[in-house]
Amino acid sequence: MAPHVKARCPEYPGSKVKRFPVPDNKVDWSQRWPQYQPVSYTAPSVLTKPVWADPDIGLFSPKFNTLDGAVDRTSFMGCYKVENGKPLNPCGRTGLIGRGLLGRWGPNHAADPIVTRWKEDPKGGKTLHPVSRLPILQFVSIKRKDCGQWAIPGGMVDPGEQVSLTLQREFSEEALNSLAVSAAERAKIHDRITKLFKSSGFQAFKGYVDDPRNTDNAWMETVAVNFHDESGNSVSELPLQAGDDAGYVQWVDVDSSLLLYASHSSFLELVAKERKAHW
Ligand code: RP5
Ligand code: MG
Ligand code: MG
């Protein structure tokens, strides 16, 4: 596996904090590196003890590598090390200790709904890419408010929440703005998309996300699932409207040149390959 890159971004997101620079060959914990002096940072938004965040180490006794009450502290990467009471990022050094913007020590579980359809040509058929001659997929993409980057409309799995529910809930909140409409409208949205989200979908990825918010002690993991509207008459007919942590939303052509948040473009590559679409 290539070493994480975005998890070593020089300036920590939403702050002026500079990570201790970690070269590629020092990412792995197995490389001895006595000179390593990571900076410590936990964002004020986490320190004010919101419900979604853990207390500080020492103030509570988390059960790592297991289901800790409703909080899932297991990792898709296997058993992670805990050193001096603090979990160690399974993908190596990031130049920063503490939790940064992440609420949980150790894995922070998210779910990423990749909703796709075929790009239509004027006659209603599939649009083929001029070079690859393969049909072009489109996916619902949101522009994140926090960093302005385009992304999959994913979000955190709430404690005890089924991932299948997180996928549908986050899509509704970020791409259909379900939080801002009346209960009746929300029920309508729910009905319209439940069929698509109840289909089993294609699990494109499950594991570590190379997220710029990652630290040595806290990191993102996700389950990315593709829900495909083959005939273009389920979600495709719904008006997209950005909501919650999304500033914009639109259908975007799937292509290898996409620059997306975290490791999202690698998830789309897996979807394109699976659906024999252009990449
Ligand atoms: C990424 O952060 C995941 O892949 C997911 O898309 C997202 C979840 O965080 P929030 O959108 O809730 O900030 O690592
Ligand atoms: Mg969200
Ligand atoms: Mg989100």
Discussion item. Let's test this: bin the Cα-Cα distances of segment 19-146 at 5 Å from zero up to the farthest pair and state each bin's percent.
Written reply: 2, 8, 13, 16, 14, 12, 9, 7, 7, 7, 4, 1, 0
Worksheet item: Taking a label point 7 Å from the Cα of Arg32 along the Cα→Cβ vector, which residues of segment 81-98 have an amide N closer than 19 Å to it?
Response: 93
Worksheet item: How far is the Cα center of segment 71-93 from the Cα center of segment 120-180, in Å?
Response: 29
Worksheet item: Size of the chain along its principal axes in angstrom, Cα-based, largest extent first?
Response: 64, 46, 33
Practice prompt. Would you mind computing, in nm to one decimal, how far apart the modelled labels at Asp146 and Lys63 are, each placed 7 Å from Cα along Cα→Cβ?
Written response: 2.8
Discussion item. With a 1.4 Å probe and all protein chains kept in place, how much accessible area does His190 have, in Å² rounded to the nearest 10?
Written reply: 100
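For the chain, what % of the accessible area comes from carbon and sulfur atoms, probe 1.4 Å? Don't jump to the answer; show the numbers that get you there.
On the way: 7560 of 13880 Å².
Carbon with sulfur: 54 percent of the solvent-accessible area.
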Practice prompt. Filter the chymotrypsin sites (Phe, Trp or Tyr not before Pro) in segment 91-191 to those in DSSP coil with at most 13 other Cβ atoms within 10 Å of their Cβ, and list the result.
Written response: none
Practice prompt. For Asp244, tell me the accessible area in Å² from a 1.4 Å probe, rounded to the nearest 10.
Written response: 80
Practice prompt. Provide, in order from the shortest bin, the percent of all Cα-Cα pairs of segment 170-270 in each 10 Å bin, continuing until the bin that contains the maximum pair distance.
Written response: 13, 38, 38, 11, 1
Discussion item. Just to be sure I understand the model, the point goes 7 Å from the Cα along the line to the Cβ. What's the resulting Arg186 to Thr48 distance in nm?
Written reply: 2.3
Practice prompt. Would you look at the GNM of the chain, springs on alpha carbons closer than 10 Å, and say which of Val140, Val131, Val71 moves the most?
Written response: Val131
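To the nearest 500 deg cm²/dmol, what mean residue ellipticity at 222 nm is calculated for the chain from DSSP H runs of n ≥ 4 alone, each contributing -39,500 (n - 2.57), summed and divided by the residues?
Details: 4 runs with 44 residues, N = 279.
About -5000 deg cm²/dmol.
The values are calculated or read from the model by the stated rules, or taken from the named source; none is laboratory data. It should be emphasised that the depicted structure is a prediction, and the values quoted were computed from it without experimental measurement. As a convention, Cβ positions derive from the backbone with ideal geometry for all residues, glycine included, and neighbour counts pool all protein chains shown. Only protein heavy atoms, including side chains, enter the accessible area calculation; ligands, DNA and RNA are left aside. Shrake-Rupley method; radii C 1.70, N 1.55, O 1.52, S 1.80 Å.
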